[in-house]
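This report refers to the structure that appears directly beneath it.
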Amino acid sequence: MRNKKAILAAPLVDFWSIIIFIFIIIVFYYIIQSTVGGSEDIKARQQTLVTNAVLEAYLRTPVSVDGKEIQMSQLIIDAHITGDYTKLIEESNSITGKFPKYGIDIFYPDRQLSINRAASLYRYNQVSSFIPAPNGGTIKIILYLPYD
Amino acid sequence: MKRDKSAITTFEMIYWIARAIFLIIVIVSVVTLVRLCITTQSNTEELEANLLVNHFLYSPDSIVYYDEFSGRPMLGIVDTGRLNDMTLDSAFSFGDKNTMLAAKIEIYDFDSKPVKFVAYYNKPYYDGWFPLTGESGAGAVSEYPFSIYTLYSTPDGKINKGIMNITVLIPKS
């Protein structure tokens, strides 16, 4: 009779031991995941510095407009004033053409311009800069760069 | 009664096999988890390569174009007048014998392919280590290439669009 009781209790003990074991594995998995996240964070911060230098270069890029040399940041403002974004898109495309993983978004107060939308697949790292818009508000420029 | 006893024994034997398998799974899992948690070797090579590149891009003592009027380094613009081995070596000094890092910086014009400017950081070691890249094991050298959009200044003060390729070499210890 006692033996029969023990036979019935044993599967219960085993069942709970499996449940507890799975629970411990899940807890450890999350602990390890959080440690890995830390090293990824360092990598992302490192890459942000490179992305920032690239954005600075982009905004300072010399552009020839009607025989006059201006910077890309000025062209961004001029395009908003005139409403003609052709030159801005053309110049930006020439950069993303050589660096296909770079993506640029320009947010005007009333519209958004996206250069190289395909880069959105790699949007791991981004830096932004602001330029005052001529008729109030700000123009936000975002550069996307994947980290390897 | 006898039949019952033998059935129980058989059942228990099968049951113990399942338990033994579970015990093996537990042991393997615990060993794996412990091995994952204990870091015996940390690889900081990539971090070191990134730090060196960031130093080249940001430090006013390095190759970045420095505006003396405002006293600010103009990020994103490389001063080609300063792009030489001597400037790079003095910008990031590890003493007389630097066995930790070496690098090559090449600047291409944006539209044409030929290299416009080249400079080396720790050139003697770069030349010695470069043939060892791609090998594995101790004594081999890790290669970290970077390709960055940049602007560069010419001696006449003009700013042009360019592509900067930086190759960082770090020996494996």
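Of all residues being of a type in the set (D, E, K, R) and open to solvent by less than 60 Å² (accessible area, probe 1.4 Å) in region A:74-103, which is nearest to the other protein chains (Cβ to nearest Cβ)? Just the residue, please.
Looking at residues that are of a type in the set (D, E, K, R) and open to solvent by less than 60 Å² (accessible area, probe 1.4 Å), I get A:E91.
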Filtering region A:65-124 down to residues that are hydroxyl-bearing (S, T, Y) and within 17 Å of the chain's Cα centre (by Cα) yields A:T96, A:Y102, A:S114, A:S120, A:Y122, A:Y124
Given the conditions (1) modelled with pLDDT under 90; (2) open to solvent by 70 Å² or more (accessible area, probe 1.4 Å); (3) touching a Leu at 6+ places or on another chain (Cβ under 8 Å), every one holds for A:Q46 apart from (2)
Any residue at all in region B:106-129 that's within 18 Å of the chain's Cα centre (by Cα), among the polar types (S, T, N, Q) and open to solvent by 30 Å² or more (accessible area, probe 1.4 Å)?
no
Counted residues in region B:47-72 being open to solvent by less than 80 Å² (accessible area, probe 1.4 Å) and farther than 18 Å from B:L83 by Cα come to 6
Checked B:M74, B:M100 against criteria (assigned by TED's automatic domain parsing to the domain that holds B:E143, in contact (Cβ under 8 Å) with a residue 12 or more places away in the chain and not in a helix (DSSP H, G or I)); the one match is B:M100
Here the qualifying pairs (Cβ atoms under 7 Å; residues six or more apart or on different chains; first in region A:46-65 and touching a residue at least 24 places away in the same chain (Cβ under 8 Å) and more than 7 Å from chain B (Cβ to nearest Cβ); second assigned to a helix (DSSP H, G or I) and polar (S, T, N, Q)) come out as A:L59/A:S73
Note on A:Y108: of the conditions (1) modelled with pLDDT under 90; (2) open to solvent by less than 90 Å² (accessible area, probe 1.4 Å); (3) over 23 Å from A:V50 (Cβ atoms), unmet is (1)
Picking from B:G157, B:G162, the residue that is within 14 Å of chain A (Cβ to nearest Cβ) and under 26 Å from A:L49 (Cβ atoms) would be B:G162
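The values are calculated or read from the model by the stated rules, or taken from the named source; none is laboratory data. None of these values were measured; they are calculated from a predicted model. Here Cβ is always computed from backbone atoms with ideal geometry, including for glycine, and neighbour counts include all displayed protein chains. Heavy atoms of the whole protein, side chains included, go into the accessibility calculation; ligands, DNA and RNA do not. Shrake-Rupley method; radii C 1.70, N 1.55, O 1.52, S 1.80 Å.
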